[in-house]
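*Asks:* Questions regarding the structure given below will be posed in turn.
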Amino acid sequence: MSIKKSVVLFSGKGSNLKNLLENSTNIKDKLMYKAAFTNNPQAGGIDVCHKFSLDVRVCDDVNVNSELSEFLKEYDPDLIILAGYMKIIPPEIVNQYVGKIMNIHPSLLPKYPGLNTYSKILANNDTYAGATVHFVTCNLDQGPVILQGKYAVPDDSDESSLQTLTHNAEHIIYPIAVKWFANDIIRMEGEKLLLDEKLIESPIVLLIEQSSV
Ligand code: GRF
């Protein structure tokens, strides 16, 4: 069977990108990271690409969607991984890659789509928080959930400590989701997730102990 081609889109620090690349060796017969794309010439993730010798396309924010289209045509990926990509991908691109785009979001979706998730968790005194990997559809942060990492919110939390705990959860669940995709264990059908060809009605949740941080 042919090896799946994957590209990663990012806008910031790139800790998820780095973590995925570090976890790539155990799936190298199934999936290869071919290139990365960013809309931010200052993104820390660019250094990560250089460190891992991964081709990276850095584009200016003005022409981002036409450049992204060209990039995707060139690499023809089987999987597009959004790892902190802060641009909304327009429907004409999303529709060309249905079931082939994954995103990670720093909340337990459907709670808190969009931005400022940590302040919302604190404002609502939530007992649990976490991160979600999902397939991308044209509806922002609403595609079928693949996997969630959930942790208990400590009493003395602030935005910074929640970010640390959430990143930890992200770094655990994203490689698992990518591995499932690489091994054809999951796929999106319509607006649903199939795992081993079985319809998943409610999200699969991994409970993460604080001691794993
Ligand atoms: C992550 O928290 C992710 O959930 C969100 O953006 C952040 C990216 O972090 N979409 P990094 O650049 O991977 O460190």
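*Asks:* With a Förster radius of 30 Å, plug the Cβ-Cβ distance of N116 and Q96 into 1/(1 + (r/R0)^6) and report the FRET value to the nearest 0.05.
*Replies:* Working from the Cβ atoms, E equals 0.50.
*Asks:* How much of the accessible area of the stretch 79-213, in percent, comes from carbon and sulfur atoms when a 1.4 Å probe is used?
*Replies:* 53
*Asks:* So if I take the centroid of the Cα atoms in the stretch 59-115 and the same for the stretch 147-162, what is the distance between those two points in Å?
*Replies:* 26
*Asks:* Work through the residues other than G114 whose Cβ is under 14 Å from its Cβ and net out their charges, Lys, Arg +1 and Asp, Glu -1.
*Replies:* Cβ neighbours under 14 Å give a net charge of +2.
*Asks:* Please state the charge dipole magnitude for the chain, taken about the Cα centre, from unit charges on C-beta atoms (+1 on K and R, -1 on D and E), reported in debye and rounded to the nearest 20. Spell out each step's value before the answer.
*Replies:* Values: 19 positive and 26 negative charges, 82 e Å.
Here the size comes out at about 400 debye.
*Asks:* Hey, for a label at D29 modelled as a point 7 Å past Cα toward Cβ, could you say which residues of the stretch 169-197 have their backbone N under 15 Å away?
*Replies:* Once the point is set 7 Å along Cα→Cβ of D29, 182-184 turn out to lie under 15 Å by backbone N, inside the stretch 169-197.
*Asks:* Tell me, what is the FRET efficiency for N168 and N125 to the nearest 0.05, using R0 = 22 angstrom and their Cβ-Cβ distance as r?
*Replies:* Taking R0 as 22 Å, the efficiency between N168 and N125 is 0.55.
*Asks:* Along each principal axis of its Cα atoms, how long is the stretch 1-118 end to end? Whole angstroms, biggest number first, please.
*Replies:* Over the stretch 1-118, Cα extents along the principal axes are 38, 29, 29 Å.
*Asks:* Shifting gears a bit: Specify which residue in the list V48, S6, M188 is farthest towards the positive end of the charge dipole of the chain, using unit charges on the beta carbon of Lys, Arg (+1) and Asp, Glu (-1), about the Cα centre.
*Replies:* Among V48, S6, M188, the one farthest towards the positive end of the dipole of the chain is S6.
*Asks:* I'd like to check one number: the per residue accessible area of the chain, probe 1.4 Å, reported in Å² as a whole number.
*Replies:* Here the per-residue accessible area is 50 Å².
*Asks:* Applying the Karplus parametrisation 6.51 cos²θ - 1.76 cosθ + 1.60 with θ = phi - 60° to the phi angles of the stretch 40-52, what ³J(HN,Hα) value in whole Hz is obtained for each residue in order, glycine and proline being reported as x?
*Replies:* 10, x, 9, 4, x, x, 5, 5, 4, 4, 4, 4, 9
*Asks:* When the Karplus curve 6.51 cos²θ - 1.76 cosθ + 1.60 is applied with θ = phi - 60°, which whole-Hz ³J(HN,Hα) does each residue of the stretch 133-150 get, with x for Gly and Pro?
*Replies:* Per-residue couplings from phi come out as 9, 9, 6, 8, 10, 6, 8, 3, 6, 10, x, x, 6, 9, 7, 10, x, 10 Hz.
*Asks:* Determine the gain in length on full extension of the stretch K13-D156; use 0.36 nm per residue of separation and subtract their C-alpha separation, reporting nm with one decimal.
*Replies:* 48.9 nm
*Asks:* Further question on the same structure: Taking 2.2 N^0.38 Å as the expected size of a compact globular protein, what ratio does the Cα radius of gyration of the chain give against it, to two decimals?
*Replies:* Its radius of gyration relative to the 2.2 N^0.38 Å reference: 0.98.
*Asks:* Give the aspartates and glutamates whose C-alpha is closer than 12 Å to that of K51, dropping any in the same chain fewer than 8 places away, or say none.
*Replies:* Partners found: E22.
*Asks:* Based solely on its DSSP helices, what 222 nm [θ] is calculated for the chain when runs of n ≥ 4 H residues each add -39,500 (n - 2.57) and the sum is averaged over all residues, nearest 500 deg cm²/dmol?
*Replies:* That comes out to -8500 deg cm²/dmol.
*Asks:* Can you spot the lysines whose alpha carbon is less than 22 Å from K120's alpha carbon? Ignore those fewer than 8 places along the same chain.
*Replies:* K87, K111, K150
*Asks:* What residues qualify as long-range amide H neighbours of G44, i.e. H under 5 Å apart, gap of 5 or more or another chain, H built at 1.01 Å from N?
*Replies:* Distant-sequence amide H within range of G44: K13.
*Asks:* Under 5 Å between amide H atoms, partner at least 5 residues away or on a different chain: which partners does L193 have, H built in plane at 1.01 Å?
*Replies:* For L193, whose amide H was placed from the backbone, the distant partners under 5 Å are I200.
The values are calculated or read from the model by the stated rules, or taken from the named source; none is laboratory data. Quick caveat, the model's predicted, so the values are computed rather than measured. Cβ coordinates were reconstructed from backbone atoms using ideal geometry, including for glycine residues, and neighbour counts include every protein chain displayed. Just so you know, the surface numbers come from the protein's heavy atoms only, side chains and all, with ligands and any DNA or RNA stripped out. Shrake-Rupley method; radii C 1.70, N 1.55, O 1.52, S 1.80 Å.
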